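Just below is one structure, and these are the notes that go with it.
The values are calculated or read from the model by the stated rules, or taken from the named source; none is laboratory data. Predicted model, so just to flag it, every value in this text is computed and none were measured. Because the Cβ atoms are built from the backbone with ideal geometry, glycine has one as well, and the counts that use them run over all protein chains shown. We work out accessible area using only protein heavy atoms, side chains counted, and drop any ligands, DNA or RNA first. Shrake-Rupley method; radii C 1.70, N 1.55, O 1.52, S 1.80 Å.
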Amino acid sequence: MRLAGVLRVVVVFITVGVTWFIANNFFNIDWKLKLFKGHETKDAAPRVLTYKCGTSQPCPKNHFAFKIESGAANVVGPRICFEGKILMSSVKNNVGPGINIALLDGATGEEIETNYFNMYSGDIKPLIDFMAKIKPGTLVLAASYDDIATKMNPEARKYFTEMGSSLIDTVKFRDNWIFAGAKGIQEKSPFEQYIKNNGTVNKYEGWPELIAMTGCIPQKMD
């Protein structure tokens, strides 16, 4: 009787142990499978591919990718990207109210200079001097911030016209304007946008909404 009792106890412990082992492994595996499947579903979500400067497709050979964003009212500064590199932005602390300009070598794409000019309370002469020294073949990327028209005179506008702008003469107080052209261009640039300051439709009360443009600008070929 004593031996039989011991055997029954042993059988009970073995049964409990086997049951626990099976249940533990089964539910553990099932839990891991569910976790894996959930992770797999999340990763399977479609992704939107972007390329240099946020273009929707890679630029053709002998072209440079760029993106230009105007400022938003007098709060958020403009941003200029070229070949995947941010040239001007509020984060880089090299933008300011007025017209913001980046110059690049049209053949190599190398950055030459960036600068901004206050067109509301500043002097027009620094902008005129800056534009006058730009060499033929130089790419010119420009963006407005706050206001670029108050001090913009016919001489300054003419420089942009000669670089391919067809809209600079229409830009008025607090209008938003972005542009990509080149010194010595023989035709009008297709890379230009403009939005008028209109109190009835403005997004930011005294200013229109920001504008942005991406594109592929041709490399200068000798």
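In the stretch 146-181, which residues are among the aliphatic types (A, V, I, L, M), outside any helix (DSSP H, G or I) and open to solvent by less than 10 Å² (accessible area, probe 1.4 Å)?
Result: 148, 163, 171, 178, 180.
Within the stretch 142-181, how many residues are farther than 16 Å from residue 130 by Cα and among the aliphatic types (A, V, I, L, M)?
Counting residues in the stretch 142-181 that are farther than 16 Å from residue 130 by Cα and among the aliphatic types (A, V, I, L, M) gives 6.
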> Of the numbered conditions (1) surrounded by fewer than 15 Cβ atoms within 10 Å (Cβ to Cβ); (2) within 17 Å of residue 68 (Cβ to Cβ); (3) among the β-branched types (Val, Ile, Thr), residue 201 satisfies every one except a single condition; which is it?
Replying inline: (2)
> Mind checking which residues of the stretch 152-164 are over 18 Å from residue 197 (Cβ atoms) and out of contact with any Ser or Thr (no Cβ under 6 Å at 6 or more places or on another chain)?
Replying inline: 153, 154, 155, 156, 158, 159, 160, 161, 162, 163
> Name the pairs whose Cβ atoms lie under 7 Å apart, with the first residue in the stretch 182-204 and farther than 23 Å from residue 132 by Cα and in a loop (DSSP other than H, G, I, E, B), the second of a type outside the set (S, T, N, Q) and open to solvent by 50 Å² or more (accessible area, probe 1.4 Å), and 6 or more positions between them or separate chains?
Replying inline: 197/172; 197/173; 197/174; 203/209
> Out of all the residues in the stretch 182-198, which are open to solvent by 50 Å² or more (accessible area, probe 1.4 Å) and either at positive phi or of a type in the set (Lys, Arg) (or both)?
Replying inline: 183, 188, 196
> Do we have any residue at all in the stretch 114-125 that's part of a helix (DSSP H, G or I), open to solvent by 20 Å² or more (accessible area, probe 1.4 Å) and farther than 30 Å from residue 58 by Cα?
Replying inline: yes
>> So, in the stretch 77-104, exactly how many residues are open to solvent by less than 80 Å² (accessible area, probe 1.4 Å) and in contact (Cβ under 8 Å) with a residue 60 or more places away in the chain?
In response: 3
